[in-house]
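J.: Before we start, here is the structure in question, set down as structure tokens.
The values are calculated or read from the model by the stated rules, or taken from the named source; none is laboratory data. Please read all numbers here as calculations on a predicted model, not as lab measurements. Neighbour counts run over all protein chains shown; Cβ positions are idealised from the backbone, glycine included.
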Amino acid sequence: MSDDSGGFLATGLGRSLANNWAAFFLLLMLVVFSMTGQNFLSIVNFQNVVHLQTVPLLLAAAETFVIISGGIDLSIGFVMGLVSVSAARLMQAFLASGLPVGWVIVLASGIVLVGSLIPGLINGIIITRFKVPPFIATMGMWGIANGLALKLCQGFPVAGLPDALPEMGNGYFLYALPGQFMSLFGKPSWFPDARVRELWRLIPFSLPFILAILAVLAFALKRKRFGRHTYAIGGSMDAAVRSGIDVDRHVIKIYTLSSFLAGIAGVFNIFQTGIGNYTTFSAMYELFAVAAVIIGGASLSGGKGRVWSSAVGVLVLAFLENGLAISGVQPFYRYIAVGVLLVIAVVIDKLFPNLR
């Protein structure tokens, strides 16, 4: 069955609802939880949710390119952990050598970001040159990255890092106490830490950071040759080869990009927490990233998906968890709800394959 068979889905409204059902569901959730959860509908809560989703948004963006090409990357969560731990160890070494804090942060972050290209490059080569299925190749990197991270940190978070990290990672552009003062980029030095909860904090630093990255990725996917080739490979690899696309080279680029975005997530994780964190087995970052991409409208068979739609998928999962928590619902219902949403997304994709 296809969406061009007539009926409601043949209308403009029908296609809009089917194409953007996740966005409509997100709006519905916001309405429902605003009535059932105290303080859910507040700027503070919304900012906190979006700020805490910076890492999932990066991982979902990484998975979007891979899934559109017809593949999957199960290693991104553990690559993120490896990069986080590696950056923390480098910062410790640079601090011990007497380097200024600014240089410590810049050098360590730059080195690990360059290094984060390596797992994706290896994944891409194994998949293209040795014809190993992406599931198996990236599962192998999943174990390698996790093992290296645990070796570096010995199973404990890496602490003793510069205080400037969480100050920047969790900072806001505007701080204000209504009727008294307004301050940019940080609270006034004279304002006591004990009263910090009284402040209005608006626009976290992470917001323009993640919006800029998503905008660049969305532009590349929609407007540039890289994006067109990605869709072509996911739609039909044979047709892509016949049209002159160097499929192997492009697939390697896709997995390298995925790994690099996971590396950015790992660096941001340090700025957010102030410590180097290895990824625990129960975190399931990669699976929730895949779930967000599918809920956003991508197809596991490839050829469909959008960066902004994947971002909507992340927000659906985030506000679902947040709303259930504020409404007093037991947390295990989140997993049930995610499962239901995934089934709905896959059913929509199978019944109406010509959408998007």
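J.: Does the stretch 87-107 contain at least one residue that is buried (at least 22 other Cβ atoms within 10 Å of the Cβ), polar (S, T, N, Q) and either assigned by TED's automatic domain parsing to the domain that holds Tyr255 or not in a helix (DSSP H, G or I) (or both)?
T.: Checked the stretch 87-107: no residue is buried (at least 22 other Cβ atoms within 10 Å of the Cβ), polar (S, T, N, Q) and either assigned by TED's automatic domain parsing to the domain that holds Tyr255 or not in a helix (DSSP H, G or I) (or both).
J.: Okay, moving on. Of the residues Ile275, Ile344, Ile326, which single one is among the hydrophobic types (A, V, I, L, M, F, W, C), surrounded by fewer than 24 Cβ atoms within 10 Å (Cβ to Cβ) and in contact with a Phe, Trp or Tyr (Cβ under 6 Å, 6 or more places away or on another chain)?
T.: Testing whether each residue is among the hydrophobic types (A, V, I, L, M, F, W, C), surrounded by fewer than 24 Cβ atoms within 10 Å (Cβ to Cβ) and in contact with a Phe, Trp or Tyr (Cβ under 6 Å, 6 or more places away or on another chain) leaves just Ile326.
J.: Could you tell me how many of the residues in the stretch 46-74 are polar (S, T, N, Q) and surrounded by 19 or more Cβ atoms within 10 Å (Cβ to Cβ)? Can you show your working first?
T.: We begin by selecting, within the stretch 46-74, every residue polar (S, T, N, Q); these are 47-48, 53-54, 64, 69.
Narrowing further to those that are surrounded by 19 or more Cβ atoms within 10 Å (Cβ to Cβ): 53-54, 64, 69.
Looking only at that region, the number is 4.
J.: Could you tell me which numbered condition Ala239 fails, if it satisfies all but one of (1) at pLDDT 95 or above; (2) closer than 29 Å to Gly169 by Cα?
T.: For Ala239, the failing item is (2).
J.: Follow-up. Taking Val132, is it out of contact with any strand residue (DSSP E or B) (no Cβ under 9 Å at 6 or more places or on another chain), assigned by TED's automatic domain parsing to the domain that holds Ser84 and under 24 Å from Val85 (Cβ atoms)? If you could, list the steps in order and put the result at the bottom.
T.: Values: out of contact with any strand residue (DSSP E or B) (no Cβ under 9 Å at 6 or more places or on another chain): yes; assigned by TED's automatic domain parsing to the domain that holds Ser84: yes; under 24 Å from Val85 (Cβ atoms): no.
Spelling it out, it is not the case that Val132 is out of contact with any strand residue (DSSP E or B) (no Cβ under 9 Å at 6 or more places or on another chain), assigned by TED's automatic domain parsing to the domain that holds Ser84 and under 24 Å from Val85 (Cβ atoms).
Residue-wise test of (1) of a type in the set (S, T, N, Q); (2) at pLDDT below 65; (3) under 30 Å from Ile326 (Cα atoms).
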residue: Ser5; (1), (2), (3): yes, yes, no
residue: Ser16; (1), (2), (3): yes, no, no
residue: Trp21; (1), (2), (3): no, no, yes
residue: Leu27; (1), (2), (3): no, no, yes
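J.: Here is a further query. Take the residues in the stretch 162-194 that are in contact (Cβ under 8 Å) with a residue 40 or more places away in the chain and in a loop (DSSP other than H, G, I, E, B); name whichever of them is surrounded by the most Cβ atoms within 10 Å (Cβ to Cβ).
T.: Pro162
J.: Confirm whether Leu207 is in contact with a helix residue (DSSP H, G or I) (Cβ under 8 Å, 6 or more places away or on another chain), in contact (Cβ under 8 Å) with a residue 24 or more places away in the chain and either surrounded by 14 or more Cβ atoms within 10 Å (Cβ to Cβ) or not assigned by TED's automatic domain parsing to the domain that holds Ile67 (or both). Let's see the steps before the verdict.
T.: Values: in contact with a helix residue (DSSP H, G or I) (Cβ under 8 Å, 6 or more places away or on another chain): yes; in contact (Cβ under 8 Å) with a residue 24 or more places away in the chain: yes; either surrounded by 14 or more Cβ atoms within 10 Å (Cβ to Cβ) or not assigned by TED's automatic domain parsing to the domain that holds Ile67 (or both): yes.
Taking the combined requirement at face value, the residue satisfies it.
J.: Can you find a residue that is within 30 Å of Gly71 (Cα to Cα), in the same structural domain as Phe260 (by TED's automatic domain parsing) and exposed (fewer than 14 other Cβ atoms within 10 Å of the Cβ) anywhere in the stretch 152-161?
T.: Scanning the stretch 152-161 turns up no residue that is within 30 Å of Gly71 (Cα to Cα), in the same structural domain as Phe260 (by TED's automatic domain parsing) and exposed (fewer than 14 other Cβ atoms within 10 Å of the Cβ).
J.: Then there's this: Out of (1) in a helix (DSSP H, G or I); (2) in contact (Cβ under 8 Å) with a residue 24 or more places away in the chain; (3) surrounded by fewer than 16 Cβ atoms within 10 Å (Cβ to Cβ), the odd one out for Arg197 is which?
T.: The failed condition is (2).
Condition check ((1) free of Cβ contacts under 8 Å to residues at least 12 places away in the same chain; (2) closer than 30 Å to Ala176 by Cα; (3) aliphatic (A, V, I, L, M)) across all residues:
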{"residue": "Ile43", "(1), (2), (3)": "no, yes, yes"}
{"residue": "Thr54", "(1), (2), (3)": "no, yes, no"}
{"residue": "Ala62", "(1), (2), (3)": "no, no, yes"}
{"residue": "Ile67", "(1), (2), (3)": "no, no, yes"}
{"residue": "Ser75", "(1), (2), (3)": "no, no, no"}
{"residue": "Val83", "(1), (2), (3)": "no, no, yes"}
{"residue": "Ala87", "(1), (2), (3)": "no, no, yes"}
{"residue": "Ala96", "(1), (2), (3)": "yes, no, yes"}
{"residue": "Val114", "(1), (2), (3)": "yes, no, yes"}
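J.: Considering only residues that are assigned to a loop (DSSP other than H, G, I, E, B) and hydrophobic (A, V, I, L, M, F, W, C), look in the stretch 278-315 and name the one that is surrounded by the fewest Cβ atoms within 10 Å (Cβ to Cβ). Let's see the steps before the verdict.
T.: Initially, the stretch 278-315 is screened for residues assigned to a loop (DSSP other than H, G, I, E, B), giving 278-284, 296-306.
Those left that are additionally hydrophobic (A, V, I, L, M, F, W, C): 281, 283-284, 298, 300.
Details: Phe281: 8, Ala283: 15, Met284: 14, Ala298: 28, Leu300: 16.
If we take residues in the stretch 278-315 being assigned to a loop (DSSP other than H, G, I, E, B) and hydrophobic (A, V, I, L, M, F, W, C), then Phe281 is surrounded by the fewest Cβ atoms within 10 Å (Cβ to Cβ).
J.: Here is a further query. Please enumerate the residues belonging to the stretch 56-74 that are assigned to a loop (DSSP other than H, G, I, E, B) and not aliphatic (A, V, I, L, M). Break it down into steps so the answer makes sense when it comes.
T.: Step one: of the stretch 56-74, the residues assigned to a loop (DSSP other than H, G, I, E, B) are 69-74.
The answer is Ser69, Gly70, Gly71, Asp73.
J.: Let me ask something else about it. What are the residues in the stretch 244-294 that are of a type in the set (Gly, Ala, Ser) and over 21 Å from Ile127 (Cα atoms), if any? Give the steps one after another, and end with the answer.
T.: Taking the stretch 244-294 as the starting set, the residues that turn out to be of a type in the set (Gly, Ala, Ser) are 244, 258-259, 262-263, 265-266, 274, 276, 282-283, 289, 291-292.
Ala265, Gly266, Gly274, Gly276, Ser282, Ala283, Ala291, Ala292, listed by residue number.
J.: Sticking with this structure for a sec: Step by step: first the residues of the stretch 297-356, then only those that are under 29 Å from Ile213 (Cβ atoms) and among the aromatic types (Phe, Trp, Tyr), then the one that is nearest to the chain's Cα centre (by Cα). Which residue is that?
T.: The residue in question is Trp308.
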